[in-house]
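Following: one structure in structure tokens, then a few remarks.
The values are calculated or read from the model by the stated rules, or taken from the named source; none is laboratory data. It should be emphasised that the depicted structure is a prediction, and the values quoted were computed from it without experimental measurement. Heads up, the Cβs are rebuilt from the backbone with ideal geometry, glycines too, and the neighbour counts pull from every protein chain shown.
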């Protein structure tokens, strides 16, 4: 009887401890989530306020929301706003699509076709992920100047592709290695070519990882500032992020209009992220079990 009571007490203590640990983790995750959510709340809420309402209370919700700031930011924020938006979309789509295509082909080669120095070449490619873009600014600028590609969209696209490829190759190679080799070998024995295996077997299975790479690279292209500021000099060729300085200088005293402009820059990527959310975590973790 005493043993049963002792065991019951141990079980109760274990349950209580587990419940406390779970509650503590939830509080920590909630706190971290609030840290990331608050800047978005601050930006969107203030974009719906008048200037007087913003000056009275910067952190309150808009009691009389107005979309006049969005109209002003779009129509009077500069004659180049539409061009900035167009430039950003062109760069993001072209750079991301080309990067994903190259990453699929290279990842397929590294994961399914064995050749001399393949492991060393893959390790060298992946190691480029840790190189900060700022270190490459001077040699890149000299190279682009020699090729007369400074202040051109395709010059920036080329640089973005080079920066995004190592991560993309790593993610897709890791995922391709998790695919059952017996299934691929059976397809080859049945007469499928390497190209057919890639397009008919590997790509349909790899949808989560491909979407993940596409979303991550799109976010990078859309939000990147350093390369765009250095290599896009003229006002008409700038992207949305690099044009923030021009927009901010013009409406420095009217913060709600600036917030409206920033919100319009942010909304497309927020939508893209939520559309790909259900594939995002699966795509990032799918290749974690096999190297």
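Could you check, for the stretch 29-38, whether at least one of its residues is surrounded by 13 or more Cβ atoms within 10 Å (Cβ to Cβ), in a helix (DSSP H, G or I) and at pLDDT 85 or above?
No.
Within the group 258, 266, which residue is assigned by TED's automatic domain parsing to the domain that holds residue 164, crowded, with 21+ Cβ neighbours inside 10 Å and either at pLDDT below 80 or within 29 Å of residue 133 (Cα to Cα) (or both)?
Values: 266 fails: crowded, with 21+ Cβ neighbours inside 10 Å.
None of the other options fit; the residue is 258.
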Taking the stretch 137-156 and keeping only residues that are part of a helix (DSSP H, G or I) and in contact with a helix residue (DSSP H, G or I) (Cβ under 9 Å, 6 or more places away or on another chain), one is left with 137, 140, 141, 144, 153, 154, 155, 156
Would you point out which residue out of 159, 134, 91, 163 is out of contact with any strand residue (DSSP E or B) (no Cβ under 7 Å at 6 or more places or on another chain), surrounded by fewer than 20 Cβ atoms within 10 Å (Cβ to Cβ) and either part of a helix (DSSP H, G or I) or outside the structural domain of residue 202 (by TED's automatic domain parsing) (or both)?
-> 134
State the number of residues belonging to the stretch 49-62 that are part of a loop (DSSP other than H, G, I, E, B) and in contact (Cβ under 8 Å) with a residue 40 or more places away in the chain.
-> 2
